[in-house]
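Take a look at the structure set out below.
What follows draws every value from the coordinates through simple rules; no lab data is involved. Fair warning: this is a prediction, and the values are worked out from it, not measured in the lab. Positions of Cβ are backbone-derived with ideal geometry, glycine not excepted, and every protein chain shown enters the neighbour counts.
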Amino acid sequence: MDKVFIKALCIETIIGIYDWERATKQVVELDLEMAWDNRPPAASDDIALALDYEAVSNRMRQFAGERQFLLVETMAEEIAAIVLQEFHSPWVRVRVTKPGAIDGAAGVGVQIERGMR
């Protein structure tokens with residue numbers, strides 16, 4: 001299975017359960033791995049056959065800017081659904097990281113896989 005990936009996409013959103021987290025946007029890092037058959041775009045050199053990672057990135061920024069989340073788990077599930085439904089990838093791995101959320105840790109978050117490999 002071929003994969004298209006986006007690594008450490010920084011997006012701003014309101015996320016968290018504490019009052020101070022609800023008051024201002026925070027930066028979260030998003031990593032995506034999306035299943036895609038890269039043979040057709042590679043053979044034809046045609047972007048229309050490729051999974052457009054710029055379009056995916058823009059959609060993730062738009063989505064995160066419009067929504068608010070209590071849990072990173074909710075954000076990850078909704079992102080996975082967008083990739084599967086709107087971009088027609090048969091499988092996706094989503095990692096949402098909140099940098100600096102815990103003292104002494106570079107980040108915390110969740111990773112999920114959805115769809116068929």
Problem set entry | Cα centroid separation - segment 1-42 against segment 78-106, whole Å | 5 Å
Exercise. Which option, [x] 1.13; [y] 1.03; [z] 0.98, is the value of Cα Rg over 2.2 N^0.38 Å that was calculated from these coordinates?
Worked result: [x]
Exercise. Exactly which chymotrypsin sites (Phe, Trp or Tyr not before Pro) in segment 1-95 are in a DSSP loop and have at most 12 other Cβ atoms within 10 Å?
Worked result: Tyr18
Exercise. Points 7 angstrom from Cα along the Cβ direction at Ala43 and Lys25: gap in nanometres?
Worked result: 4.2 nm
For this session: Please give the calculated 222 nm ellipticity per residue for the chain, where each DSSP H segment of at least 4 residues contributes -39500 (n - 2.57) and the sum is spread over every residue; nearest 500 deg cm²/dmol?
Result: -9500 deg cm²/dmol
Problem set entry | the chain: angle of helix 72-86 to the longest principal axis, Cα-based, in degrees nearest 10 | 20 degrees
Exercise. In which sequence would Asp31, Asp19 go, from the one with the fewest C-beta neighbours within 10 Å to the one with the most?
Worked result: Asp19, Asp31
